[in-house]
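Here's the structure, in structure tokens; my notes come after.
The values are calculated or read from the model by the stated rules, or taken from the named source; none is laboratory data. Worth saying up front: this structure is predicted, and the values here are computed from it rather than measured. Heads up, the Cβs are rebuilt from the backbone with ideal geometry, glycines too, and the neighbour counts pull from every protein chain shown. Just the protein is used for accessible areas: all its heavy atoms, side chains included, with ligands, DNA and RNA removed. Shrake-Rupley method; radii C 1.70, N 1.55, O 1.52, S 1.80 Å.
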Amino acid sequence: MDFYQIITPIITVAYLLIVFVLRSIIVWRQSGVNPFVFSSTEKAHDYLGFIYKMAVLFMAITIVCYSYLPAVYQFLNPITFLSQDSIQMVGIALLLISFLWTLIAQVQMSDSWRIGIDYDEKTELVDKGIFTISRNPVFLGVVVFYIGIFLILPNTLSFTLVVVILITVQVQVRLEEVYLLETHGEAYQAYKNSVRRWI
């Protein structure tokens, strides 16, 4: 196994466990509210949650094939001209940047952190810290992470996942903007006018 086959699953597992699982548990214990809001209904919001889960599953499959099943990985149509050490190093850098960026955003959200839109709770509007740079730093971090995975192991599936995440996040962000405007009114509108959606 080469360096990238070893480090990619390690960073990915750490990212998912620390940034999403651990932070969700911390918020749940502090606030008494389960921050994982997506359910299994047919609503558009919950369907986005299903897409996110599938994206994580297929990302895991891609990484497992790349690191541990190289013969199977060939069936994912590797993009050989992108499989260069310099490009893969950029991918690793993006994973690490995404890790730190997303973790900082979640810590600064504190008890307002949710995975999905909590229509039953009115969380505090977070507009300080990293949120003065981007209105959606967590989503931005997720997109950067998937791009990093693609650069490390460029293939048809990892490219498709980037496209799927880009589209899904765009829809999710717009649903959240409607919710935040209804919940926080002029305060959110003022924030929206002063800070870019992404960066």
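Observations
- Relative frequency of Cα-Cα separations exceeding 29 Å in the stretch 3-194, percent: 26
- Modelled FRET efficiency - R0 35 Å, Trp28 with Thr156, Cβ distances, 0.05 increments: 0.40
- Counted residue by residue at 0.36 nm each, then reduced by the alpha carbon distance between them, the extension gain from Phe81 to Asp127 reaches 12.4 nm.
- Taking a ≥ b ≥ c as the square roots of the Cα gyration tensor eigenvalues, the stretch 1-60 comes out oblate, since a/c reaches at least 1.5 and a/b does not exceed b/c.
- Per-residue [θ]222 nm for the chain (sum of -39500 (n - 2.57) over DSSP H runs n ≥ 4, rounded to 500): -21500 deg cm²/dmol
- Per-residue surface analysis assigns Ser194 an accessible area of about 90 Å², computed on protein heavy atoms at 1.4 Å probe radius.
- Distance from the Cα centroid of the stretch 50-98 to that of the stretch 146-199 is 21 Å (rounded to whole angstrom).
- Å² per residue, accessible surface of the stretch 113-188 at 1.4 Å: 43
- Amide H contacts of Phe36: Ile115, each under 5 Å away and 5 or more positions distant or on a separate chain (H built 1.01 Å from N in the peptide plane; Pro and chain starts excluded).
- Once the 1.4 Å probe is applied to the protein heavy atoms, the stretch 1-108 comes out at 58 Å² accessible per residue.
- Sorted peptide list for 147-156, 91-100, 184-193, criterion being average Cβ within 10 angstrom, highest first: 147-156, 91-100, 184-193
- Kyte-Doolittle at least -0.5, axis length at least 20 Å by Cα - qualifying DSSP helices, the chain: 44-68, 85-109, 137-152, 156-184
- Across the accessible surface of the stretch 3-194, with the other protein chains kept in place and a 1.4 Å probe, carbon and sulfur atoms take up 70 percent.
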